[in-house]
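Read-outs: derived from the displayed coordinates by stated rules, not from any lab. The structure presented is a predicted model; accordingly, all values stated were derived computationally and were not measured. Every residue, glycine as well, gets a Cβ built from its backbone with ideal geometry; the counts of neighbours run over all protein chains shown.
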Amino acid sequence: MIEHGWYSKARKVLSPNYNTRPHTGDISLLVIHNISLPPGEFGGDFVERFFLNSLPASEHPYFEQISELQVSAHCFIRRDGELVQFVPFDKRAWHAGRSVFQGREDCNDFSVGIELEGTDTEPYTEQQYQGLAELTLSLLQAFPLITPERIVGHSDIAPSRKTDPGPAFDWGKYRSLL
Ligand SMILES: [Zn+2]
């Protein structure tokens with residue numbers, strides 16, 4: 001259930017990386033991503049710290065490149081299915097970057113972003129599909145402008161820059177659960 005922008009089944013951790021949506025009430029796209037930090041490693045707390053602007057740059061060469069970025073998805077679904085929410089859905093989370101959907105630019109304005117802990121090539125877990133499907137159903141109910149046809153991957157709206165959620169994401173399986 002979604003109340004006041006927060007999903008009841010998520011652990012709440014507020015990220016500073018959001019602002020207000022330019023068109024209040026226009027929440028009409030769902031964007032699926034993947035992330036793992038360091039890339040390809042699962043289970044640590046680095047993604048959470050990244051979204052809170054507290055990634056320790058010195059702990060990994062890759063962290064040095066990204067630690068100054070200010071980004072966050074609305075939600076993050078870990079390998080075990082645990083759900084963390086960083087930004088309330090009515091706010092504009094900074095997850096998609098330069099992007100375009102059906103001719104409309106800057107998808108952060110009107111989208112919800114969900115990150116799956118993973119890589120483009122490693123199969124996602126059953127718990128992640130279940131958690132994602134359950135959250136998606138709640139979003140479809142709370143925001144009727146998001147329809148099943150308006151659920152896309154980050155690679156669909158930023159094809160020259162992004163590849164996530166990658167070939168490992170089984171769209172058929174996901175859609176069959178909705
Ligand atoms: Zn992404």
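General remarks:
- Gain in span if fully extended, VAL100 to THR147, counting 0.36 nm per residue against the direct Cα distance: 15.2 nm
- Net charge contributed by nearby residues that have their C-beta within less than 12 Å of ALA57 (K/R +1, D/E -1): -2
- Approximate spin-label separation ALA133-ARG49, in nm, with each point projected 7 Å along Cα-to-Cβ: 3.5 nm
- Net +/- balance of residues flanking HIS154 in space, Cβ distance below 10 Å, scoring K and R +1, D and E -1: -1
- Longest exposed-site-free window of the chain, the sites being GluC sites (Glu not before Pro) in a DSSP loop that have at most 16 other C-beta atoms within 10 Å: 83-178
- Within a Gaussian network of the chain (alpha carbon springs, distance under 10 Å), most fluctuating of LEU140, LEU116, LEU30: LEU140
- Counting charges near SER8 (Lys, Arg +1; Asp, Glu -1) among other residues having Cβ under 15 Å from its Cβ returns a value of 0.
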